[in-house]
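Participant: Below are the structure tokens for one structure; questions will follow.
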Amino acid sequence: MRRLRPDVVSPVRRGHEQTVLGLLRAHGPLNRGELSRRCGLSRTTLHDTLSGLLATGAVVTAMPDEAPRGRGRPAERLALNPAVGQALGIDFARRAVHVAAVGVTYEIVGAAGEAHAPGLPWPDRVALAERLVRGLVGGGLWRRALKGVGVGVVGPLAGARDGTLSGVEALLGERFGGPVLLDNNTRLAALAESTWGAAAGDQDALYLRLSYGVGGGVVAGGMLHRGADGVSGEIGHIPVDPAGRPCECGGTGCLETVASIRAVLDAYRARGGRGDDLPALTAAVEAGDPIALGLLSEVGGQIGRVLAALSNAIGPRVIVVGGELAEIGAPLLRPVQDALDAGAVPISRHRLTLRRAALGDVAGALGGLALALGESPLLSRYPAAEPEPGLADSRAAGCGRAPARPRPALTPLPSPLVSRG
Ligand SMILES: [Zn+2]
């Protein structure tokens, strides 16, 4: 595993680098004289900045100008290196892998994903992530100059990780070469929705994902909340039915046991509905199936009561609901809204907005990008993960938060990634 290094680039230096990278992105290859005239940096500063960018591989020397100038050698031209990037984000969800990438000038290159069978072994999931990244960034893996790989996994990541997850972290480091930062994948989705999606610009937001698992994330006072032991956002394990079904977490009747995709499908069939998957349930809803509509009304009510209780505790302005189940739309979300209206304290009842998530199933991978770059104001007080024995260096390098740095010039998401409404 490559030895990981802390990011020691100063904010000023970072700004200079972004200036130069932005010029090369806007104008294509330029020689040093052209860069100097356009960037406004002193000769020495430009020299130092270019040396750093050439050393990391972010910038490469391109073909010289075709026409020799006088008797001297043609001026060397400098260009962005298409084979390097800033950061990768990977979401290892329960039944799919999603990846996203930020290029050398902080542009979001794109995102990709692929479903897999539940329980796919970790080496296969990592191999799938590698194939998706290669497809996204043109065959390479951007091993040079990569600032980090932000990786979302299921679970709160509290305390000492099991051997499997440490092994996964090491494997990812070997494959991708950058510092690896692990976090809860749903919290990363909340980070992405608060950075680019349905809660962008909101300082107080609650995110809920209804998928094969149920989880969430909390943004309070403009900060992503991690909580003691990384437990913040485990909304799926709030009990809603004391006489309910046993949950994976060891509890009974958690929200996840009634509002996960599997739980909803099981309940639908138990009531006489016919459908083995989400598309079948969606079709039944669209056809006006009273069993499906009645079930979703009940499930929506349970979700809404949990959200109302959470809202009264933490005071969000916006609640974002995402995940495949939320794509059913109004038949599920209207009862959520009704229960929220009934349960939220009067002062927030008419100011609290319920929104559908905007980033779809790539939100977790996009949140991984934000985590890897580590420069979002939402992360400025995000606590470092606990170091793993034997991984102390890498954890310190990957998760130690630097003091507040300038916000990166992340470009807006490509429109196919954003689906508002
Ligand atoms: Zn549970």
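Participant: So how much slack lies between S166 and R14, counting 0.36 nm per residue of separation and subtracting their Cα-Cα distance, in nm?
Facilitator: Using 0.36 nm per residue and subtracting the Cα-Cα distance, I get 51.6 nm.
Participant: At 0.36 nm per residue, minus the direct Cα-Cα distance, what do N312 and T61 gain on full extension? Give it in nm, one decimal, please.
Facilitator: Gain on extension, N312 to T61, equals 84.6 nm.
Participant: Local charge sum around L366 (other residues, Cβ-Cβ under 12 Å, Lys/Arg +1, Asp/Glu -1)?
Facilitator: -3
Participant: Hey, another quick one. Check V320: other-chain or 5+ apart residues with amide H under 5 Å from its amide H, H built from backbone geometry?
Facilitator: Answer set, sorted by chain and number: L206, Y207, L208, R355.
Participant: Computed over the Cα atoms of the range 163-256, what is the convex hull's projected area averaged over all directions, in nm²?
Facilitator: So the Cα hull casts an average projection of 7.8 nm².
Participant: List every residue whose amide H lies under 5 Å from the amide H of L78, counting only residues 5 or more places away in sequence or on a different chain, with H placed 1.01 Å from N in the peptide plane.
Facilitator: Hits under the 5 Å cutoff: L30, N31, A62.
Participant: Per residue of the range 238-254, what does 6.51 cos²θ - 1.76 cosθ + 1.60 with θ = phi - 60° give for ³J(HN,Hα)? Whole Hz please, x for Gly and Pro, Karplus curve as stated.
Facilitator: 3J(HN,Hα) across the range 238-254, in whole Hz: 7, x, 10, 8, x, 9, x, 7, x, 10, 3, 6, x, x, 10, x, 5.
Participant: Provide the FRET efficiency to the nearest 0.05 for the D276-V231 pair, computing r from the beta carbons and using R0 = 51 Å.
Facilitator: Efficiency, rounded to the nearest 0.05: 0.95.
Participant: What FRET efficiency, computed as 1/(1 + (r/R0)^6) with R0 = 60 Å and r the Cβ-Cβ distance, is obtained for L293 and D124, rounded to the nearest 0.05?
Facilitator: Computed FRET efficiency for L293 and D124 comes out at 0.95.
Participant: Now for a different question. What is the gain in length, in nm to one decimal, between R43 and H27 on full extension, counting 0.36 nm per residue of separation less the C-alpha to C-alpha distance?
Facilitator: Using 0.36 nm per residue and subtracting the Cα-Cα distance, I get 3.8 nm.
Participant: Something else: Under a point spin-label approximation (7 Å from Cα along Cα-to-Cβ), what is the T252-D341 distance to one decimal in nm?
Facilitator: For T252 paired with D341, the spin-label model returns 3.5 nm.
Participant: Here is a follow-up. With labels modelled as points extended 7 Å from the Cα through the Cβ direction, what inter-label distance (nm, one decimal) is found for T353 paired with R95?
Facilitator: 3.2
Participant: Cα centroids of the range 293-359 and the range 32-55: how far apart, whole angstrom?
Facilitator: 52
Participant: Output wanted: per-residue J couplings in Hz (rounded whole) for the range 212-217, from phi through Karplus 6.51 cos²θ - 1.76 cosθ + 1.60, θ = phi - 60°, x for Gly and Pro.
Facilitator: Couplings: 5, x, 10, x, x, x Hz.
Participant: Sequence-distant or interchain residues sharing an amide H contact under 5 Å with R245, placed H: which?
Facilitator: Sorted by chain and number, the residues that satisfy this are G253.
Participant: Another question, if that's okay. Per residue of the range 190-200, in order, report the coupling 6.51 cos²θ - 1.76 cosθ + 1.60 (Karplus, θ = phi - 60°) as ³J(HN,Hα) in whole Hz, putting x for Gly and Pro.
Facilitator: Per residue, the Karplus-derived 3J(HN,Hα) values read 4, 4, 5, 5, 7, 8, 10, x, 5, 10, 4 Hz.
Here, each number is a calculation from the coordinates, and none is a lab measurement. Bear in mind that the values here come from a model prediction, so they are computed numbers and not experimental data. Neighbour counts are summed over all protein chains in view; Cβ atoms, including those assigned to glycine, are modelled from backbone coordinates with ideal geometry.
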